[in-house]
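Student: This is the structure I have questions about; it appears just below.
What follows draws every value from the coordinates through simple rules; no lab data is involved. Remember, predicted model here, so these are calculated numbers, not experimental data. Cβ: placed from backbone, ideal geometry, glycine included. Neighbour counts: every protein chain shown.
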Amino acid sequence: MRIRVKLFASLSELMPDGVKPHEGFELDVAEDTTPTQLIQRLKVPDGLAHLVMINGEYVPPSRREQPVLSEGDVFAVWPPVAGG
């Protein structure tokens, strides 16, 4: 199945060249792919997948081991951020 991937903040350096984070890129994944497997496939370093969303809905860590992705989903990841 095909989904759209968006990686934000410092994770945007993991995006293909020329792809803007807010636009993302399309990726083929197996139907039973879990968010955790996808995070690993995208080479997001351990601990940096702080906020994970599918179609704008937060995916808590307890659901990231379940195959919750569907055709056409938008999968977005943000690292922990700090500021003031």
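Student: For the chain, what is the calculated [θ] at 222 nm in deg cm²/dmol (nearest 500), taking -39500 (n - 2.57) for each run of four or more DSSP H residues and dividing by its residue count? Don't skip to the answer; put the middle values down first.
Tutor: On the way: 1 runs with 7 residues, N = 84.
Per the formula, -2000 deg cm²/dmol.
Student: Same structure, new question: How large, in Å, is region 2-78 by the Kirkwood hydrodynamic radius built from its alpha-carbon pairs? Don't skip to the answer; put the middle values down first.
Tutor: Values: mean 1/r = 0.0813 Å⁻¹.
The Cα-based Kirkwood calculation yields 12.3 Å.
Student: Pop the C-beta distance of L48 and E23 into the FRET formula with R0 = 25 Å and round what comes out to the nearest 0.05.
Tutor: Efficiency at R0 = 25 Å is approximately 0.75.
Student: Still on this model: Could you compute the net charge surrounding L7? Neighbours are other residues with a C-beta less than 14 Å from the C-beta of L7; K and R count +1, D and E count -1.
Tutor: Details: positive: R4, K6, K20, R41, K43; negative: E13, D17, E23, E26.
Value of the local net charge: +1.
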